[in-house]
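Values quoted throughout were computed directly from the atomic coordinates according to the rules given, and no laboratory measurement underlies them. Every value quoted in this text rests on a predicted model; they were computed, and no experiment measured them. Note that each Cβ is placed from the backbone with ideal geometry, even for glycine, and that neighbours are counted across all protein chains shown.
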Amino acid sequence: MGVHVVRLGTPRSRGEGLRLGTVRRPPRGVPKAEVAARDFYDVWLPKLAPSAELFGWLKAQPDLDHAWPAFAKRYRAEMKVPDAQHLLAMLAAFSRRTDFAVGCYCENEARCHRSLLRGLLKQHGAALA
């Protein structure tokens, strides 16, 4: 049991369970009725995505590697608000009872908020798959 951290839009792995899309926007060009069938997500959970302002700031940076530590710090600060803390605690509790996945569209997990989300879930006691 546990949380799988995935790239949305990739084929689902066996036993992955429900997919939660921790992204700010739905996938472009994909009809709502097809989002789950195309392996994006079953439930959209944008509260765990970086804010539009923070994402915009990161995209405007000329050197992603140089900007990443500041982005990570700011994302973790955004996740300290009560709504995010409650969601993280709930997901951590669920992870000890069932399998599910959280994910984002980014190709490189090392430079994606899902890598930070993995750490935040672990801090909340989540069982990671």
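Just a few scattered comments:
- Neighbourhood charge, 14 Å Cβ-Cβ cut-off, centred on Lys122 and excluding it, Lys, Arg +1 and Asp, Glu -1: +4
- Net charge of Cβ neighbours under 15 Å - reference Arg74; Lys, Arg +1; Asp, Glu -1: +4
- About the centre of its Cα atoms, the chain shows a dipole size close to 140 debye [charges on the beta carbon of Lys, Arg (+1) and Asp, Glu (-1) only; nearest 20 debye].
- For segment 1-74, a crude dipole built from +1 on the beta carbon of Lys and Arg and -1 on the beta carbon of Asp and Glu, taken about the Cα centre, is about 160 debye to the nearest 20.
- Among the cysteines of the chain, those with no neighbouring cysteine Cβ under 4.7 Å are Cys104.
- For segment 40-98, diffusion coefficient by Stokes-Einstein and Kirkwood Rh (Cα), 20 °C, 1.002 mPa s, µm²/s: 164
- Dipole orientation for segment 57-129: of the candidates Ser115, Trp68, Ala93, Ala93 has the Cα lying most toward the positive pole (charges on Cβ; Lys, Arg +1; Asp, Glu -1).
- Lysine pair count for the chain with Cα-Cα distance under 23 Å and sequence separation of 8 or more or different chains is 9.
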